[in-house]
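Asker: What follows is a structure written as structure tokens; I'll ask about it next.
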Amino acid sequence: QVQLVESGGGLVQAGGSLRLSCAASGRTLSGYNMGWFRQAPGKEREFVAAISWTGGTYYVDSVKGRFIISRDNAKNPVYLQMNSLKPEDTAVYHCAADLSLSRVRTAMGSTEYWGQGTQVTVVS
């Protein structure tokens, strides 16, 4: 059974940066597509970014040019570099993994693996 564990969240001022990491335990995620989602209090889950097994990347419009998703298949499955953070980026960020690329690109439905999340708080 795979467990995804996120880290790197915290409190940061607007304009600052954070780098989220997602580690997998239990087995390797060879062939899996990875995604990041976020959920703010009182709001629905939102897709943030995804990266395919072959390296293709996808972003929600609100983070394009500010966030970078990457992966190191030999180490942690996925990272999210977040720059120029805004208060509206405040949320719990979850990583997800699925053999289906479409499932890690949509906030609807469920992915095969899902992490517990890490809190990101951006203050102005």
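The values are calculated or read from the model by the stated rules, or taken from the named source; none is laboratory data. All values derive from a computational prediction rather than experimental measurement. Because the Cβ atoms are built from the backbone with ideal geometry, glycine has one as well, and the counts that use them run over all protein chains shown. Just so you know, the surface numbers come from the protein's heavy atoms only, side chains and all, with ligands and any DNA or RNA stripped out. Shrake-Rupley method; radii C 1.70, N 1.55, O 1.52, S 1.80 Å.
Asker: Report whether or not THR57 is more than 18 Å from TRP114 (Cβ to Cβ) and among the polar types (S, T, N, Q).
Answerer: Numbers: more than 18 Å from TRP114 (Cβ to Cβ): yes; among the polar types (S, T, N, Q): yes.
So THR57 passes the test.
Asker: While we're on this one: Looking at GLY42, GLY9, can you tell me which residue is surrounded by 13 or more Cβ atoms within 10 Å (Cβ to Cβ) and of a type outside the set (Ser, Thr, Tyr)?
Answerer: Details: GLY42 fails: surrounded by 13 or more Cβ atoms within 10 Å (Cβ to Cβ).
Criteria check complete, one pass: GLY9.
Asker: Quick one: in segment 39-73, which of the residues that are acidic (Asp, Glu) and in contact (Cβ under 8 Å) with a residue 40 or more places away in the chain is nearest to LEU85 (Cα to Cα)?
Answerer: At the first step, the residues of segment 39-73 found to be acidic (Asp, Glu) are 44, 46, 61, 72.
Adding the requirement that they be in contact (Cβ under 8 Å) with a residue 40 or more places away in the chain leaves 44, 46.
Working: GLU44: 20, GLU46: 16 Å.
Step by step, filter segment 39-73, then rank; the result is GLU46.
Asker: While we're on this one: For the subset of segment 73-100 comprising residues that are in contact with a Lys or Arg (Cβ under 6 Å, 6 or more places away or on another chain) and surrounded by fewer than 17 Cβ atoms within 10 Å (Cβ to Cβ), which member is nearest to CYS22 (Cα to Cα)?
Answerer: Top of the filtered list is GLN81.
Asker: Also: Of all residues in segment 101-117, which are open to solvent by 20 Å² or more (accessible area, probe 1.4 Å) and touching a His at 6+ places or on another chain (Cβ under 8 Å)?
Answerer: Restricting attention to segment 101-117, the residues satisfying the condition of being open to solvent by 20 Å² or more (accessible area, probe 1.4 Å) are 101-103, 105-114, 116-117.
The answer is TRP114, GLN116, GLY117.
Asker: I would also like to ask the following. Kindly provide the set of residues from segment 69-115 that are of a type in the set (S, T, N, Q) and modelled with pLDDT under 90, ordered by number.
Answerer: To start, the set of residues in segment 69-115 that are of a type in the set (S, T, N, Q) comprises 70, 73, 76, 81, 83-84, 90, 100, 102, 106, 110-111.
Selection gives ASN73, ASN76, THR106, SER110.
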